[in-house]
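Sharing a structure below in structure tokens format, with a few things to ask.
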Amino acid sequence: MEHAYNNALLGTIILICGKIASGKSYYAKKLMEHRCAVLFSMDELFEICEMDFFDDLHSELYPRLQRYLYVKAAELSQLGIDVIMDSGFWTARERNYVSTELSRLDVPFEWHYIDISDDDWARNIEERNAASSESEQFIISEHKKLEINAEFEKPNRDEID
């Protein structure tokens with residue numbers, strides 16, 4: 001992202017933070033209808049590419065694809081279009097990077113955090129696994145669930161709008 005945009009009618013970039021299976025996609029789709037916004041979903045992108053969410057290729061491509069989407073979101077914002085980014089934003093470092101870049105570009109943005117109880121999260125994972133039974137690439141094992149919990153950094157109050 002290289003250029004700061006100077007446009008009084010900038011669209012807002014809405015960044016949705018939360019664990020896998022927390023309800024981010026459901027929330028994003030409802031918000032998309034309400035805000036009449038474009039939705040960028042990392043889940044949809046990897047599903048279209050038929051990529052496993054937990055393999056090495058995902059880890060390698062995820063940051064590159066996300067940076068590309070930031071640039072496209074900023075371009076749409078310049079045109080006055082709201083953009084919703086359903087990506088997870090699991091770490092404080094990642095959230096700080098995105099906030100810094102969008103601030104540098106003078107692009108309005110909001111952070112939305114989907115908080116979920118452990119019981120609801122476990123139920124959502126069970127439902128997701130049952131729906132994904134034909135495709136192993138979307139199954140969240142107990143081991144992966146523990147890894148997600150270890151990697152996810154719940155945002156501080158000052159990070160979320």
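Determine whether region 101-109 contains at least one residue that is under 16 Å from Gly23 (Cβ atoms) and in contact with a helix residue (DSSP H, G or I) (Cβ under 8 Å, 6 or more places away or on another chain).
No, because not a single residue in region 101-109 is under 16 Å from Gly23 (Cβ atoms) and in contact with a helix residue (DSSP H, G or I) (Cβ under 8 Å, 6 or more places away or on another chain).
Only one of these conditions is not met by Glu126: (1) in contact with a strand residue (DSSP E or B) (Cβ under 8 Å, 6 or more places away or on another chain); (2) charged (D, E, K, R); (3) loosely packed, with under 13 Cβ neighbours inside 10 Å; (4) assigned to a helix (DSSP H, G or I). Which number is it?
Looking at each condition in turn, Glu126 falls short on (1).
All but one of (1) in contact (Cβ under 8 Å) with a residue 24 or more places away in the chain; (2) of a type in the set (Asp, Glu); (3) open to solvent by less than 60 Å² (accessible area, probe 1.4 Å) hold for Asp115; state the number of the condition that does not hold.
So the condition that Asp115 fails would be (3).
Quick check on this structure: which one of Ala74, Ala21 is closer than 18 Å to Glu151 by Cα, open to solvent by less than 30 Å² (accessible area, probe 1.4 Å) and at pLDDT below 95? Steps first, answer last, please.
Values: Ala74 fails: closer than 18 Å to Glu151 by Cα.
It is Ala21.
Among the listed residues Leu31, Leu15, which satisfies the condition of being modelled with pLDDT of 80 or more, under 21 Å from Ile160 (Cβ atoms) and under 12 Å from the mean Cα position of the chain (by Cα)?
Result: Leu15 is the single residue among Leu31, Leu15 that is modelled with pLDDT of 80 or more, under 21 Å from Ile160 (Cβ atoms) and under 12 Å from the mean Cα position of the chain (by Cα).
Which residues, counting only those in region 79-106, are buried (at least 19 other Cβ atoms within 10 Å of the Cβ) and of a type outside the set (Lys, Arg)? Show your work before the answer.
First, pick out the residues of region 79-106 that are buried (at least 19 other Cβ atoms within 10 Å of the Cβ): 82-89, 95, 98, 102, 105.
The answer is Asp82, Val83, Ile84, Met85, Asp86, Ser87, Gly88, Phe89, Val98, Leu102, Leu105.
Kindly list the number of the only condition in (1) within 14 Å of the chain's Cα centre (by Cα); (2) part of a loop (DSSP other than H, G, I, E, B); (3) closer than 26 Å to Leu10 by Cα that fails for Asp106.
Of (1) within 14 Å of the chain's Cα centre (by Cα); (2) part of a loop (DSSP other than H, G, I, E, B); (3) closer than 26 Å to Leu10 by Cα, only one is false for Asp106: (1).
If you go through region 39-59 one residue at a time, do you hit one that is outside any loop (DSSP other than H, G, I, E, B), at pLDDT 85 or above and not small (Gly, Ala, Ser)?
yes
The values are calculated or read from the model by the stated rules, or taken from the named source; none is laboratory data. None of the values given here were measured: they were computed from a predicted structure. Here Cβ is always computed from backbone atoms with ideal geometry, including for glycine, and neighbour counts include all displayed protein chains. For accessibility, only protein heavy atoms count, side chains too; no ligands or nucleic acids. Shrake-Rupley method; radii C 1.70, N 1.55, O 1.52, S 1.80 Å.
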